[in-house]
Amino acid sequence: MPANDREIPRSCTPEPTGQVPVVNRNRCEAKDDCARVCPYDVFEVRVLAPEESAGVSFRGRLNLIVHRNRQAVVARPDDCHACGLCVAACPERAITLTPRAAA
């Protein structure tokens, strides 16, 4: 059961999948659309830790400055049901669903 009371879309798989959302640090503008639409509370929008913002491009650094170092973070990847609502909701196209890395 999701952590919030949002209706679960039919495109969500019944169980978490082998895919996880990935946020492109160079594109995200912390608008929180992904967090609002995700029925499983996979995302948080928060201040990034220094290691999370390492390696971003010049554009990414500008985004971080403008948005007070805040971006979307995949806080609970194991809860993702690969419905794609986050991908569709992101106005910057900063989210992709990718295969989970093998452990």
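Every number here is computed from the coordinates shown, using simple stated rules; none is lab data. All values reported here derive from a predicted model rather than from experimental measurement. Cβ atoms come from the backbone with ideal geometry, glycine included; neighbour counts cover every protein chain shown.
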Q: Please compute P(r) over all alpha-carbon pairs of region 19-97, binned at 10 Å starting from zero, and give each bin as a whole-number percent.
A: 22, 54, 23, 1
Q. Dipole size in debye (nearest 20) for region 19-97 around its Cα centre, Lys and Arg Cβ +1, Asp and Glu Cβ -1?
A. 360
Q: For region 19-97, build the charge dipole from Cβ charges (+1 Lys, Arg; -1 Asp, Glu) around the Cα centre, then report which of Val37, Gly84, Gly60 sits farthest towards its positive end.
A: Gly60
